[in-house]
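Quick note: the coordinates plus some simple rules give every number you see, no bench work behind them. These numbers were taken from a predicted model, which means no experiment stands behind them. We place every Cβ from the backbone using ideal geometry, glycine too, and count neighbours over all the protein chains shown.
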């Protein structure tokens, strides 16, 4: 959100007091050209973050999600292997999880939904086993945009029941859960052990179904109470402001993120 230059992001995190970051393999030119990063590239990439005391907590692949990951064809297997090489490199570089969206979503009938679920499960079974071998994990975010078919508590629970490997986890997004109709605080106990990072997000959901992104604490989600529940459940992982509203003027993204990071720090200070 702040800059395409990772060194600028490091400096911004240092100034604001942000101590963890999710980064993207797309920031490594050689990885973009090849399709995946090497362990050596990731070790070098994370060096300025480490020196600044910023934990690199997740890696976004060069390209994701791809429906072809689930296809039992030569092209599908090759596509999956490109994704899996991100797991190998992340584990070797000490990055605790690789982030992704589910490869199949947006079903238009119950029959298609059932087929997609089976395909997703086959993918996650293979990917979780590969992640275990690589010493990293999978952190799945709900499909985006919402038109693709948001995942809420029911969908995540079904996936984790079908693929119970501990490497198979999630990015718990307050906003997506609320937009799906779930009470964020009520479902957190079910997923806290599967939550590898949290997106702190607030929204206003209108009667016609339209959703406005708003600053944390100004919408319907009440992120402060959700963070408190996370703390009570023993979660000590990363929380990250996400999907922030637009503000006007120069350096608008930096301003929005600084505001949201300050909100999160204030909430955490009350928990100590």
In whole Å, largest first, what are the principal axis extents of the Cα atoms in the chain?
50, 45, 36
With Kirkwood's inverse mean 1/r over C-alpha pairs for Rh, give me the Rg to Rh ratio of segment 13-119, two decimals please.
1.07
Contour minus end-to-end for residue 231 and residue 67, with contour as 0.36 nm per residue of separation and end-to-end as the Cα-Cα distance?
55.4 nm
Quick one: divide the alpha-carbon radius of gyration of segment 171-272 by 2.2 N^0.38 Å and tell me what you get.
1.06
What spacing in nm lies between the two simple spin-label points modelled at residue 165 and residue 92, each 7 Å away from Cα in the Cβ direction?
1.9
Given N residues in segment 106-207, what is its alpha carbon radius of gyration divided by 2.2 N^0.38 Å?
1.09
Only helical DSSP H runs with n ≥ 4 go in: add -39500 (n - 2.57) per run for the chain, normalise by residue count and round the 222 nm mean residue ellipticity to 500 deg cm²/dmol.
-14500 deg cm²/dmol
How big is the Rg/Rh ratio for segment 85-158, C-alpha atoms only, Rh by Kirkwood, two decimals?
1.02
Long-range share for segment 34-178, i.e. C-alpha pairs more than 25 Å apart as a percent of all pairs, stands at 28
Using a Gaussian network for the chain with springs between C-alpha atoms less than 10 Å apart, which of these wobbles most: 128, 39, 186?
186
